[in-house]
Ligand SMILES: NC(=O)c1ccc[n+]([C@@H]2O[C@H](COP(=O)([O-])OP(=O)(O)OC[C@H]3O[C@@H](n4cnc5c(N)ncnc54)[C@H](O)[C@@H]3O)[C@@H](O)[C@H]2O)c1
C-alpha cells in the first residue's frame, strides 16, 4: 500500500521522462521482504538499469557541462581587477526592477533610474513582494528585508551617476531610444564606468555606434523573471574590451547567475535559436495544426511549456517585435511574407499573460497566479491565417519545431557566436528551460544520431531555409562524430 501510494505521488512529480525515481521505489518494494544479500542483488540490478538510460547520460552531461561553464566564467573573472561597489540600472520595468532586486539581494547597492514615478513605485513594490515572500518562508528576517530594500535607490534623475562602476540599461527595446539613453548616460559617468545593455535582440555593435567609449560597452542579457532564471549572456561587441567583458562576467556571478560569454549578432545566442523554434511553430499553425496539440506535443517532449503558452508568457507584442529584429538580421531564413497567428492576435490587442489574453486567456487562481484556459475566440481571430484543421503526428510536430532550433545552434557554433557545445546546451537549459533530461540541443543530436537527425531535417527542407541542415551537422552525420565524446 505504502509503495503504491508513493509511486502515485513520485510518478506524478517525476513524470514519464525521469525513470530513476520510480525505479528506486520499485527497487525498495522488490527488496523489502528479502535478506541483506538478496536485497543488495536487487539493488545492483535496478542501479544498473537506471545508470544506463539516455536520461542518466544526459543528466551526467549536464552536471559536467555546468562545471565547464562555471570554469570558463571563472577564467574570465580572474582577468578582471575591477571592483564593483556601486551599480545602476536604467529603467524600472519588468527587467530593470528584477535586476535591481537581484543586485540588492546579493548585497550590491544599486541606483534604479526611470523617467516615470509610477514605474519606480512599481519596481520597488515588486522587489518588496519578492523579499516579503522570503520573510514569509522564514529565509530572511524583516530587518534583513529592509536592509536589502535600502540598497535600491529609486530616482528620476542622474544625480549620483558619477560614482557608479557599472550601468545596466534596461529601457524599452527600441534602438533609437536606447542609443539616445546610452549616449546621454555616457556623458555623465567616469571614463572607466562600464555600460551594459540588457537588450534581448539588438546587436551590441550597432548600439555602440554612437558611443565615445565603445570599448566600455557590452551586452548583459538577463532572462525573465530575473530572480529565477540562472543565465546571463554577456555579449562581446566588435569593440568591447576584454576588461569590460571580464568585469561584467564577475558581476553576473556575484549576482548569483551563471554567465556565458557570447559573440555579437542579432538575438545573440539564446534568442537567435529560440526564434526559429517559434517560426517552426507558426508554420505548423499556418499548415493547419492546432496550437493546443502543438503545446501538448512539445510538453510531452519535455519543455516546461509549449510554444503557444511560452509566447503568452514572453508577451506576444515583445515576441512580434523581436521576430522583426531577427528577420532584419537573418532575412534569408527568418523573414517570411505570410502573416502568422501571433501577429494577428497582437493586432487584436492580445498580448499574452500581461493583459490576460493571448493564445489562451488567464485569470488569477486562489494564490493569485495566472491560470490559463482555452478561449474559442482565439480560433475565430486566427482563422484567416491558418489552414483548415489537420492532425499532425506528435513526432512531426516535434521535428518541425526542434529542427529549426537545432540547425541554428549548429550555425552559432560554426560562426563562433557561442564557444562550445557545452555552453550552447547550458545556455538553453538555464535561459529557456530546455528539457534537462535531454541535456540540451547538442546532446539531443548526439542521442538522436547526427545521421538520423539529418535524414529527418532533409525531409522537412522544402518547408523553408530554416530547415536547411548546416554543414557542421552534415559533416557529423557523414563521419559519425559526436558533439560530446
Ligand atoms: N521582458 C522580458 O522578458 C525581457 C527579457 C530579457 C530582456 N528584456 C529587455 O529588457 C529591456 C527592458 O524590457 P522590459 O520588459 O523591462 O520593459 P518595460 O517596458 O517593462 O520597462 C521599460 C522601462 O524603461 C523606462 N524608460 C523608458 N525610457 C527611459 C529612459 N530614458 N530612462 C530611464 N527609463 C526609461 C520605462 O518607463 C519603463 O519603466 C528591453 O531591452 C527588453 O528587450 C526583456
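For the range 409-470 versus the range 242-294, the spacing of their alpha-carbon centroids is 13 Å.
Can you give the calculated 222 nm mean residue ellipticity of the chain, where each DSSP H run of n ≥ 4 adds -39,500 (n - 2.57) and the sum is split over every residue, rounded to the nearest 500 deg cm²/dmol? List each step's numbers first, then the result.
Details: 22 runs with 265 residues, N = 485.
Mean residue ellipticity, 222 nm, calculated: -17000 deg cm²/dmol.
How big is the gap, in Å, between the Cα center of the range 3-28 and the Cα center of the range 299-323? Taking the Cα centre of each part, the range 3-28 and the range 299-323 sit 30 Å apart. Axis of helix 54-78 versus longest Cα principal axis of the chain: the two differ by about 20°, to the nearest ten degrees. Model label sites at residue 26 and residue 135, defined 7 Å from Cα along the beta-carbon direction, differ in position by 4.9 nm. Spin-label model, residue 125/residue 63: points 7 Å from Cα along the beta carbon direction are separated by 4.5 nm.
All C-alpha to C-alpha distances of the range 1-145, sorted into 10 Å bins beginning at zero, yield P(r) values of 9, 20, 19, 21, 19, 10, 2, 0 percent in whole numbers.
Distance from the Cα centre of the range 161-195 to that of the range 52-130, in angstrom? After rounding, the separation between the Cα centres reads 18 Å.
Among 68-80, 291-303, the peptide with the highest mean count of other Cβ atoms within 10 Å heads the list, and the full ranking is 291-303, 68-80. Packing around the peptides 38-47, 366-375, 441-450, taken as the average count of other Cβ atoms within 10 Å per residue, puts them in this order, highest first: 441-450, 38-47, 366-375.
Explain nothing, just the number: relative contact order of the range 66-191, from Cα pairs under 8 Å at least 6 residues apart, as a whole percent. Intermediate values should be presented prior to the final figure.
On the way: 168 pairs, mean separation 39.4, N = 126.
Relative CO of the range 66-191 lands at 31 percent.
For the chain, the spread of Cα coordinates along the three principal axes comes to 71, 59, 51 Å, biggest extent given first.
When only Cα pairs under 8 Å and 6 or more residues apart are kept, what is the percent relative contact order across the chain? The partial results should precede the final answer.
Details: 794 pairs, mean separation 65.4, N = 485.
Contact order relative to length: 13 percent.
The length gained on full extension between residue 393 and residue 337, counted as 0.36 nm times the residue separation minus their Cα-Cα distance, comes to 17.5 nm.
Most tightly packed first, judged by the mean number of other beta-carbon atoms within 10 Å of their residues, the peptides 347-357, 127-137 read 347-357, 127-137.
Counting pairs of alpha carbon atoms under 8 Å apart in space and at least six apart in sequence, what relative contact order in percent does the range 271-479 give? It comes to 24 percent, rounded to a whole number.
Mind running the shape call on the range 83-263? Use the C-alpha gyration tensor, a ≥ b ≥ c as the square roots of the eigenvalues: rounded below 1.5 for a/c, prolate if a/b tops b/c, oblate otherwise. In terms of gyration-tensor shape, prolate. Gyration tensor analysis over the Cα atoms of the range 247-324 returns equivalent ellipsoid semi-axes of 29, 15, 11 Å (largest first, whole Å). Backbone N atoms of the range 301-327 closer than 13 Å to the 7 Å Cα→Cβ label point of residue 367 are not found in any residue. For the range 271-479, the ratio of Cα radius of gyration to the globular rule of thumb 2.2 N^0.38 Å stands at 1.01.
A short reminder: the numbers here are calculations on the coordinates, not readings from a lab. As the structure is a prediction and not an experimental result, all values here were calculated from the model. Please note: Cβ atoms are built from the backbone with ideal geometry, for glycine as well, and neighbour counts cover all protein chains shown.
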